[in-house]
1. State, to one decimal in nm, how far the label point of B:Ala69 lies from the label point of B:Asp194, with both points 7 Å from Cα in the Cβ direction.
2. What is the sum of charges, Lys and Arg at +1 and Asp and Glu at -1, for the other residues whose Cβ falls under 10 Å from the Cβ of B:Glu103?
3. Relative contact order for region B:97-144: what percent, with Cα pairs under 8 Å and sequence separation of 6 or more?
4. Could you list the residues of region A:92-134 with an amide nitrogen less than 19 Å from a label point located 7 Å from the Cα of A:Phe37 in the Cα-to-C-beta direction?
5. For an R0 of 35 angstrom, estimate the FRET efficiency from the Cβ-Cβ distance between A:His107 and A:Asp256 and round to the nearest 0.05.
6. What percentages make up the Cα-Cα pair-distance distribution of region A:8-88 when the bins are 5 Å wide from 0?
7. Suppose a student asked you for the relative contact order of region A:247-331, using Cα pairs under 8 Å spaced at least 6 residues apart; what percent would you report?
8. Using r as the Cβ-Cβ distance of A:Lys305 and A:Glu75, and R0 as 56 Å, what FRET efficiency do you calculate, to the nearest 0.05?
Amino acid sequence: MELVCPAGNLPMLKAAVDNGADAVYIGFRDDTNARHFAGLNFNDKQIAEGVKYAHDRRVKVFVAINTYAQPKGWERWTAAVDRAAGFGVDAIILADMGVLDYAAERHPNVNLHLSVQGSATNPAAIGFMQRHFGIKRVVVPRVLSLSQVAHLIRETTVPVEIFGFGSLCVMVEGRCLLSSYASGQSPNTFGACSPASHVEWRDTPQGQETRLGGVLLERRSHGEAAGYPTICKGRYRIDGELRHAIEEPTSLNTLDILPDILAAGVSAIKIEGRQRSTHYVTQVTKVWREAIDSCKRNPQAFRPKERWNQILAQVSEGTQTTIGPYERTWH
Amino acid sequence: MSALNNSAHRPRLSLGPILYLWPREQVFDFYAELLETPVDVVYLGETICSKRRQLKPEDYWELAERVTAAGKQAVISTLALIESDGELKTLKRICADERFMIEAGDLAALDFLEGRPFVAGHSINLYNHRTLAFLAERGLKRWVMPVELGRATASDLLQRRPEGVECELFAFGRLPLAYSARCFTAYNRGLGKDNCEFCCGDYPDGVLVTTQEGQEFLSLNGIQTQSAGTHNLLPALDEVRALGVDLLRISPQSKHTADVVRTFADCLTGDLDPAEGTARLRDWAPSGLCDGYWTGDSGYKFGMPV
């Protein structure tokens, strides 16, 4: 089982490589990838250096080009695919059928992975993508239970990658428009959920308010911990009650079920967080490397170490973590 | 034909699938009423939750026969999110029936429908001309544009669409915004999805979600999240005609759907002014109207000049 770690810039890539990642995933500095934030991602010089650094240490590099291209700007996506292929990366992570079609035709020897944004949650969907684009891996959305993941792995010949740690997307990725409903920009169209330019933080006599596109997502008393505001983690009135109507501000941590993930035949486990810091990547990669190695040595005896959970808790967004949809009770 | 010469073009009206859990009787009554309206295409089927089984595929096929007998086109719509084996088997069975056109809601349906005529629903991510061409080679006859895309992309895609492929726009209704594994209706009633007691049946237009300052914002419909605002493209009718859009979809709501269809139809024939039509529609939208997506703005905004 491969450990796939995020890198929003060159120092993060080096941190992931140095601390035990089997693969690092990165993106270009534009809206062709789903972590399109100012100051983040790679230009050509940085990619070249990153690929060399990783390959010298036998670590793979994947490039995510996983947003949906519209006719205006289409060439940005095809150029991104050409550039990624030109840098000799180990795989390109794609979501859009049109871009997949282009990549498969133009670069038949480059490995293509179906991004989590590709929204494939069953063997028929994966089979369709495999038949037409020859995908070599699928990243499945964070909506399946672990038994569903295990079943899926038995039903497809495409290796399956899952999210193991980081932010928890509770909607089927690639088919969530909540962000654009409030801000006009979504992960699909712009490459970011809740784009920072549309987020407001206000201190008011009623409390601290967070807004997206002018819509009030949360109003909390001063001093309450505040995560990054997304619509799905906001607090609203529903049926007369004030509550987190969609999901609490939790993040995903699957360390507790690592032996089951391994037993299910998961090919790769992905850490979320290209928008986070070098410190985050260092700490999380180190813990997960140690955990995966320990679990592989003796899955029966595997118990997450207290120290690992302490380290992960320090870098988690929000105050709670959850196993999320992998546990059926979450549903 | 250039876009400007196309102003006489009259899009047809379609009725989207019922997105909510309504009692069986109500569903049959609803279609009996709607078949009397000037709607041209009727989409039928469960697209949200496989646990809702008041109507089986056989019931939808029976309704589809009635739709056909009424001189309209029947299309069978499929689930937007396919996870389990059971869902996949039902989907396969629906797709194997070749009497009616099928609307694909998930990539899985594309797998089963390849090589025969089909419709790509708005939950299939079709954002560009290359995807359009790719699917057209595999049998695509019509696509419903993802709802977050507006007139700019519609225009680009319509100019580059393959021969014989129709474009449908989601023109009226609460916007389908997201799908999850969690049933939010059950979650907010303190129930799990496996033990949901079909509580979504208590909310014929979804559960309203209001912000802490009273803005009616979202509507929860089982695993689906919708907008609270009702999307309305009536003010854009002239643009829609000029672009050559083929169909306008009206998404069923528990009240006034037939009135909505007639209002759109009257505006299409020129018997009613779109501004006056929109004024009527406002009264029938549970949380007001929105149209931001069409102009490239936030989806919840309203303010297209009529």
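The values are calculated or read from the model by the stated rules, or taken from the named source; none is laboratory data. Worth saying up front: this structure is predicted, and the values here are computed from it rather than measured. With ideal geometry, Cβ positions are generated from the backbone for all residues, glycine too; neighbour counts draw on all protein chains shown. Areas reflect the complete protein model, heavy atoms only, side chains present, ligands, DNA and RNA absent. Shrake-Rupley method; radii C 1.70, N 1.55, O 1.52, S 1.80 Å.
1. Calculated label separation equals 4.3 nm.
2. 0
3. Taking the mean separation of contacting Cα pairs over the length of region B:97-144, I get 41 percent.
4. A:116-117
5. 0.30
6. Once binned at 5 Å, the Cα pair distances of region A:8-88 give 3, 16, 28, 24, 17, 8, 3, 1, 0.
7. It rounds to 54 percent for region A:247-331.
8. 0.70
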